[in-house]
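J.: Have a look at the structure that comes next, please.
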Amino acid sequence: MTDTPVKKAVITGITGQDGSYLAELLLSKGYEVHGFVRRASTFNTGRIDHIYDPEATHDGSPRLQLHFADLADGSRLATLLAEIQPDEVYNLAAQSHVRVSFDEPEYTGDTTGIGTVRLLEAIRQVGLHCRFYQASSSEMFGATPPPQNEETPFYPRSPYGVAKVYSYWITRNYREAYGMFAVNGILFNHESPRRGGTFVTRKITRAAARIAAGQQDFLYMGNLDAVRDWGYAPDYVEGMWRMLQADEPTDFVLATNTAYTVKDFLQFSFERLDLDWEKYVKFDERYLRPTEVDALIGDYAKAESVLGWTPKVLPPRLAQIMVDSDVAELEASGKPYIDTAEV
Ligand code: NDP
Ligand code: GDR
């Protein structure tokens, strides 16, 4: 009897929220995981340090291996892919902040858009027969009214959304032109205690924890009327994996089909700590976007019927999980948090 070969996966963006949860999931399934990390002058592996153990080996190699690679550098991507020979590639790397994409539209286009074709072209040039996942976004729907599903026309409202539309179509084009198993997961907002501090949910839950601890007086915010469909990141990485195990390559929406405003999320978070959010939140126009996405509500019926995927954690439970984590983190740190967020 021969052993089943260990599956190898590449994750770009492994240091981000989703990359860290996906790496945990794939390691738990026995994969050898190769994370691509961009070089920074400070450590950027805080979300994966707990799973990076060079001693955890199989056949003499660590189960999780990290490699320096930037989506700006196509030849580096090709070199690494040729060495690793992965079975699955998950492209999660991006300049992922919508507000920042208005400040850095060209950089966002280069990373969030052209970065995807660099990776696809590297796979093609190396001649790999791997499966490819592209982190597409509900931001592609933009101004098209909800509910949104796989058939909904795109109308992006930011340089980020426009770049994601490019990546969506180049992924479909490589599927159709070259027969690649390349799929788009069109994911609606998903959050967790590992969410970056400048996205609205984490900004709120961190501030609620600090205000309750007497370490912050006010929270400055932009448009509180935006409607979002907020899910839980660990549920969503499970859906990404299922997309690459499907019989046929096709695109899927992952969402919760719930609709809450930013105000609702403020209320869920502050009431967890017996606080009235209206006493603490102030408006600051710096947090407005030149063009806003008013309402995103996803219809995930296709993922449910084909992949058997459903979301498990919804608001308000999501907000409670994040607040509890931020309270625990603040207590563990024992030092005041200094807010330098500009976005
Ligand atoms: P994060 O912002 O938390 O993570 C982004 C990752 O991309 C980080 O690891 C970052 O590295 C890396 N990265 C950024 N620029 C480059 C580059 N030029 N080369 C290589 N790596 C780079 O995003 P999320 O985890 O929240 O999202 C994952 C993906 O899913 C993104 O593509 C995002 O646009 C998309 N998405 C996210 C949704 C959400 O609600 N979270 C919804 C729909 C789509 P570093 O750590 O060094 O910054
Ligand atoms: P979004 O997430 O733009 O939906 O993109 P974000 O949390 O940044 O904003 C959600 C909504 O909240 C409003 N808002 C504020 N947002 C931020 N960041 N800071 C504020 O102070 C603030 N006040 C109000 C925003 O205007 C917006 O309407 C996220 C990212 O993860 C993308 O990468 C991903 O593709 C989409 O979700 C789906």
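The values are calculated or read from the model by the stated rules, or taken from the named source; none is laboratory data. No experiment lies behind these values; they were computed from the predicted model shown. Ideal geometry is used to build each Cβ from the backbone, glycine not excepted, and the neighbour counts take in all protein chains shown.
J.: Give GLU121, GLU88 a once-over and let me know the one that is more than 10 Å from ligand 1 (Cβ to nearest atom), touching a Gly at 6+ places or on another chain (Cβ under 8 Å), under 25 Å from TYR174 (Cα atoms) and modelled with pLDDT of 95 or more. Step through it out loud before you land on a result.
T.: Details: GLU88 fails: touching a Gly at 6+ places or on another chain (Cβ under 8 Å).
Step by step, each of GLU121, GLU88 is checked, and only GLU121 is more than 10 Å from ligand 1 (Cβ to nearest atom), touching a Gly at 6+ places or on another chain (Cβ under 8 Å), under 25 Å from TYR174 (Cα atoms) and modelled with pLDDT of 95 or more.
J.: Also, I was wondering about something else. So which residues in the range 208-224 are without any contact (Cβ under 8 Å) to a residue 60 or more places away in the chain and more than 8 Å from ligand 2 (Cβ to nearest atom)?
T.: Looking only at the range 208-224, we keep the residues that are without any contact (Cβ under 8 Å) to a residue 60 or more places away in the chain, and these are 214, 224.
GLY214, the sole residue that qualifies.
Residue-wise test of (1) in a helix (DSSP H, G or I); (2) in the same structural domain as LEU288 (by TED's automatic domain parsing).
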residue	(1), (2)
ALA207	yes, yes
ILE211	yes, yes
GLY214	no, yes
ASP217	no, yes
TYR220	no, yes
ASP235	yes, no
GLU238	yes, no
TRP241	yes, no
GLU248	no, no
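J.: For the range 193-207, which positions are over 14 Å from SER96 (Cβ atoms) and more than 9 Å from ligand 2 (Cβ to nearest atom)?
T.: PRO193, THR205, ARG206, ALA207
J.: Still on this structure, please answer the following. Given the conditions (1) out of contact with any helix residue (DSSP H, G or I) (no Cβ under 8 Å at 6 or more places or on another chain); (2) in contact (Cβ under 8 Å) with a residue 40 or more places away in the chain; (3) within 21 Å of PRO234 (Cα to Cα), and given that GLU32 satisfies all but one, which numbered condition is not satisfied?
T.: The single condition GLU32 does not satisfy is (2).
J.: Pick from the range 249-290 the residues that are away from ligand 1 (no atom under 16 Å from the Cβ) and of a type in the set (A, V, I, L, M): which of them is farthest from ARG131 (Cα to Cα)?
T.: Applying the first criterion (away from ligand 1 (no atom under 16 Å from the Cβ)) to the range 249-290 yields 249-250, 261, 263-264, 266-288, 290.
Then drop every residue that is not of a type in the set (A, V, I, L, M), which leaves 266, 273, 275, 281, 288.
Working: LEU266: 39, LEU273: 45, LEU275: 47, VAL281: 45, LEU288: 38 Å.
Across the range 249-290, the extreme among qualifying residues is LEU275.
J.: I've got another one for you. So ASP235 fits all but one of (1) in contact (Cβ under 8 Å) with a residue 24 or more places away in the chain; (2) surrounded by fewer than 17 Cβ atoms within 10 Å (Cβ to Cβ); (3) under 27 Å from LEU330 (Cα atoms); what number is the exception?
T.: All conditions pass for ASP235, except number (2).
J.: Identify the residue in the range 105-143 that is within 13 Å of PRO159 (Cα to Cα) and without any contact (Cβ under 8 Å) to a residue 24 or more places away in the chain and, among all such residues, is farthest from the chain's Cα centre (by Cα).
T.: Restricting to residues being within 13 Å of PRO159 (Cα to Cα) and without any contact (Cβ under 8 Å) to a residue 24 or more places away in the chain, the top hit is GLU106.
J.: Yes or no: ALA233 touching a Gly at 6+ places or on another chain (Cβ under 6 Å), small (Gly, Ala, Ser) and within 15 Å of ligand 2 (Cβ to nearest atom)?
T.: Working: touching a Gly at 6+ places or on another chain (Cβ under 6 Å): no; small (Gly, Ala, Ser): yes; within 15 Å of ligand 2 (Cβ to nearest atom): yes.
No.
J.: Mind telling me which of the residues ARG202, ARG194 ends up being in a helix (DSSP H, G or I), within 16 Å of ligand 1 (Cβ to nearest atom) and either within 24 Å of TYR166 (Cβ to Cβ) or modelled with pLDDT of 95 or more (or both)? Before you say what the answer is, go through the steps one by one.
T.: Numbers: ARG194 fails: in a helix (DSSP H, G or I).
When all the criteria are applied, what remains is ARG202.
J.: From VAL89, VAL100, VAL162, VAL117, which residue is of a type outside the set (Ser, Thr, Tyr) and outside any helix (DSSP H, G or I)?
T.: Details: VAL100 fails: outside any helix (DSSP H, G or I); VAL162 fails: outside any helix (DSSP H, G or I); VAL117 fails: outside any helix (DSSP H, G or I).
After applying the criteria, what remains is VAL89.
J.: Taking the criterion of being among the basic types (Lys, Arg) and part of a helix (DSSP H, G or I), would at least one residue in the range 304-322 satisfy it? Walk me through it before giving the result.
T.: Initially, the range 304-322 is screened for residues among the basic types (Lys, Arg), giving 312, 317.
From the residues that got through so far, the ones that are part of a helix (DSSP H, G or I) too are 317.
Within the range 304-322, one or more residues are among the basic types (Lys, Arg) and part of a helix (DSSP H, G or I).
J.: Considering every residue within the range 299-313, establish whether at least one is modelled with pLDDT under 95 and among the basic types (Lys, Arg). Working first, answer last.
T.: Restricting attention to the range 299-313, the residues satisfying the condition of being modelled with pLDDT under 95 are none.
No.
J.: Please verify whether GLY35 is part of a strand (DSSP E or B), crowded, with 17+ Cβ neighbours inside 10 Å and out of contact with any Asp or Glu (no Cβ under 9 Å at 6 or more places or on another chain), treating the condition exactly as stated. Don't jump to the end; show me each part of the working.
T.: Working: part of a strand (DSSP E or B): yes; crowded, with 17+ Cβ neighbours inside 10 Å: yes; out of contact with any Asp or Glu (no Cβ under 9 Å at 6 or more places or on another chain): yes.
For GLY35, the condition - part of a strand (DSSP E or B), crowded, with 17+ Cβ neighbours inside 10 Å and out of contact with any Asp or Glu (no Cβ under 9 Å at 6 or more places or on another chain) - is met.
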